[in-house]
Amino acid sequence: MDATTLFDFHTYLYELTEKNKLAREHDFYPCSCSGIGYLEEMLASSRSHKAFVCVSDVSEDCTQRHSGGWFKRRVFTVFILSRYNIRSTADYNEKLSLCRELFRQLHSRFLIDEHDLQNELAYLDVENIRSRELGGQFLNGCTGLYFMLSIDEPIDLQYNRDEWKQE
């Protein structure tokens, strides 16, 4: 990677979901959405899948300077959701615990991948991952949580005359 190409977080998380034994055992389906209000791919797949790792394709961005260089910080939101029997508190608790455990396992993998990603100029903020449980009856019998992970990447902000019309 270079300072003009950003890290493909979606593909990275899809691959982690497909490689994780717990996610495979419980048939977690990797998909994308446009935030909590637009879980369109998850809803479209809800008849064929009961568990989801859904990455929002809308990220929060910030450009900042570190040690003289410019970096773009992108914050990604990932939903880990599982359908449960709405008449069973035990099933609800089991599925929420499953989502919590998958989040823990993903976080542990982020810690392992952090060094390798730095070689690709993608800096995961593994020390500050915020999460929130959704609880209750979310989206027609789903429970789970979402977490937010930030990635800092160098960007090239050098002025280039060729990008501007000369007057």
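Here are a few things to note about the model shown:
- Acute angle (nearest 10 degrees) that the helix 9-19 long axis makes with the longest principal axis of the chain, alpha-carbon atoms: 40 degrees
- Relative contact order, percent, the chain [alpha-carbon distance under 8 Å, six or more residues apart]: 23 percent
- FRET efficiency, ARG87 to GLU18 (Cβ-Cβ, R0 25 Å, nearest 0.05): 0.20
- ASP57 sits with roughly 80 Å² accessible to a 1.4 Å probe, with DNA, RNA and ligands left out of the calculation.
- The long axis of helix 89-119 is offset from the longest Cα principal axis of the chain by roughly 20 degrees.
- Build a GNM of the chain with springs between Cα atoms under 10 Å apart, and of LEU117, LEU157, LEU96 the one that fluctuates most is LEU157.
- Estimated from helices alone, the mean residue ellipticity of the chain at 222 nm is -10000 deg cm²/dmol (sum of -39500 (n - 2.57) over DSSP H runs with n ≥ 4, per residue).
- Top of LEU111, LEU13, LEU98 by mean-square fluctuation, Gaussian network on the chain, Cα under 10 Å: LEU111
- ³J(HN,Hα) computed for each position of the stretch 55-62 - Karplus, 6.51 cos²θ - 1.76 cosθ + 1.60, integer Hz, glycine/proline x: 9, 6, 8, 10, 10, 8, 10, 8
- Taking trypsin sites (Lys or Arg not before Pro) as exposed when DSSP calls them loop and at most 16 other C-beta atoms lie within 10 angstrom, the chain has its longest site-free stretch at 88-164.
- Rg and Dmax of the stretch 9-155, Cα atoms only, in Å: 15.9, 57
- Protein heavy-atom surface of the chain, 1.4 angstrom probe: 46% of the accessible area is carbon and sulfur, with nucleic acids and ligands not counted.
- Partner lysines whose Cα lies under 24 Å from the Cα of LYS19, excluding those fewer than 8 positions away in the same chain, are identified as LYS50, LYS95.
- Loop-located GluC sites (Glu not before Pro) in the stretch 62-124 (DSSP state other than H, G, I, E, B) with a sparse environment of at most 16 neighbouring Cβ atoms within 10 Å: GLU120.
- Here r is the Cβ-Cβ distance between ASP116 and SER34 and R0 is 25 Å; the resulting FRET efficiency, rounded to 0.05, is 0.30.
The values are calculated or read from the model by the stated rules, or taken from the named source; none is laboratory data. The shown structure was predicted, so the numbers you read here are calculated from the model rather than taken from an experiment. Ideal geometry is used to build each Cβ from the backbone, glycine not excepted, and the neighbour counts take in all protein chains shown. Note: accessible area is taken over every heavy atom of the protein model, side chains too, but ligands, DNA and RNA are not part of it. Shrake-Rupley method; radii C 1.70, N 1.55, O 1.52, S 1.80 Å.
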